[in-house]
1. What are the residues in segment 38-49 that are surrounded by 13 or more Cβ atoms within 10 Å (Cβ to Cβ), out of contact with any helix residue (DSSP H, G or I) (no Cβ under 9 Å at 6 or more places or on another chain) and of a type in the set (A, V, I, L, M, F, W, C), if any?
2. List the pairs whose first member sits in segment 55-81 and is farther than 27 Å from H45 by Cβ and open to solvent by 90 Å² or more (accessible area, probe 1.4 Å), whose second member is in a loop (DSSP other than H, G, I, E, B) and modelled with pLDDT under 90, and whose Cβ atoms are under 7 Å apart, counting only residues at least 6 apart or on separate chains?
3. Can you give me the number of residues within segment 1-55 that are modelled with pLDDT under 90 and in contact with a Ser or Thr (Cβ under 9 Å, 6 or more places away or on another chain)?
4. Go through the residues of segment 25-37 one by one and say whether even a single one is in a strand (DSSP E or B), surrounded by 11 or more Cβ atoms within 10 Å (Cβ to Cβ) and within 13 Å of the chain's Cα centre (by Cα).
Amino acid sequence: MTTSHAQTEAGAAPLPPANRHLRLAREAEVAHTEAGRFAVPLDLHEGAAEPATIPLVLTADEAVALHGRLGALFPFAEGNNR
């Protein structure tokens with residue numbers, strides 16, 4: 001996995017200011033980049049301004065890791081069929 005410039009020495013990205021937040025972009029779809037990575041469109045909200053759509057670019061390994069982490073949050077995750 002690559003390390004972004006936004007990550008700190010401890011390995012965690014710093015939290016954005018309270019008036020900023022990210023959400024999945026509703027109108028855009030995940031795409032492949034020319035380099036074969038995944039580009040997940042996110043809407044960056046800053047205060048009252050219109051959101052700006054920015055890509056979260058992931059390698060295949062990063063996408064698999066994210067999928068695993070998100071999947072683990074659900075009670076019906078692998079091995080727990082409730």
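1. Matches in segment 38-49: A39, L42, L44.
2. D61/M1; F76/R82
3. Total meeting the criteria: 7.
4. Looking for residues that are in a strand (DSSP E or B), surrounded by 11 or more Cβ atoms within 10 Å (Cβ to Cβ) and within 13 Å of the chain's Cα centre (by Cα), one finds none in segment 25-37, hence no.
The values are calculated or read from the model by the stated rules, or taken from the named source; none is laboratory data. Note that the structure is predicted; figures quoted are calculated from it, not measured. So basically every Cβ, Gly included, is an ideal-geometry build from the backbone, and we count neighbours across all protein chains shown. Surface areas here come from the heavy atoms of the whole protein model, side chains and all, with no ligands, DNA or RNA. Shrake-Rupley method; radii C 1.70, N 1.55, O 1.52, S 1.80 Å.
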